[in-house]
1. Anything in the range 85-105 that is touching a helix residue (DSSP H, G or I) at 6+ places or on another chain (Cβ under 6 Å) and assigned to a strand (DSSP E or B)? List them, or say none.
2. What is the number of the single condition among (1) touching a helix residue (DSSP H, G or I) at 6+ places or on another chain (Cβ under 8 Å); (2) surrounded by fewer than 20 Cβ atoms within 10 Å (Cβ to Cβ); (3) without any contact (Cβ under 8 Å) to a residue 60 or more places away in the chain; (4) of a type in the set (S, T, N, Q) that residue 130 does not meet?
3. Looking at the range 106-120, is at least one residue more than 24 Å from residue 12 (Cα to Cα) and assigned to a helix (DSSP H, G or I)?
Amino acid sequence: MCLKPGLLRAMTLKIRRTFVITEQRYEEAGRVTDTPLRRVAAVAVVENPCAGRYVDDLAPLIEDSIRLGAEVGTLALAAFGQYEIQSYGKGGIVGLDGEQEHANALLTTAFANPIRDLIGGGDAWISSYTKKAAPGTAIDIPMNHRDDVYVRSHYDGMSIVLPDAPMPDEVAVIFCLANRGRLNARVGGLTHEAVAARKTAASVSA
């Protein structure tokens, strides 16, 4: 069944449940760090109004993702604590009655901008990955530095498993935050400190 463009214009996403997953890493390769690596994933599992049918116009999903972004961002920040946010990433899993495109429609700039507002900016594009899968399927959410994708130490990710999600008519939308780069990162390149100094200089000159 193909629905005509505009038929879902009044759609409002229904959030069925949420998850917040936190990880704190203190040691790698026998070396204890002074600054633990904290990763947080905020997940909203939403009913997929396009499940089981082909919908040509996904603009309503994009529009509704603005509110979704604000709710997911609020969840992530509440769990993150007082740490500095240095990197981020996003992703989604579509239940088996949907299409991968449904998750992508929920993860555009419309979704991300409310989160950027909540965390106080972020100049770099946000790494993203989506897939179609059954409940309990693992997904690796890629992450990068929030202000410059060339900061190699912050090429990282977070592995997420949702035991009972997404059901066939659902989409799990995921946003991840981290407070630093990988433990023991040592492959060179642009550093977080250099990017922060550049931003400070630019704000002063402005």
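Just so it is clear, none of the values below were taken in a lab; they were calculated from the coordinates. Just so it is clear, the model here is predicted, and its values are computed rather than measured. Neighbour counts are summed over all protein chains in view; Cβ atoms, including those assigned to glycine, are modelled from backbone coordinates with ideal geometry.
1. Result: 87, 92, 94.
2. Residue 130 satisfies all of (1) touching a helix residue (DSSP H, G or I) at 6+ places or on another chain (Cβ under 8 Å); (2) surrounded by fewer than 20 Cβ atoms within 10 Å (Cβ to Cβ); (3) without any contact (Cβ under 8 Å) to a residue 60 or more places away in the chain; (4) of a type in the set (S, T, N, Q) except (2).
3. Yes.
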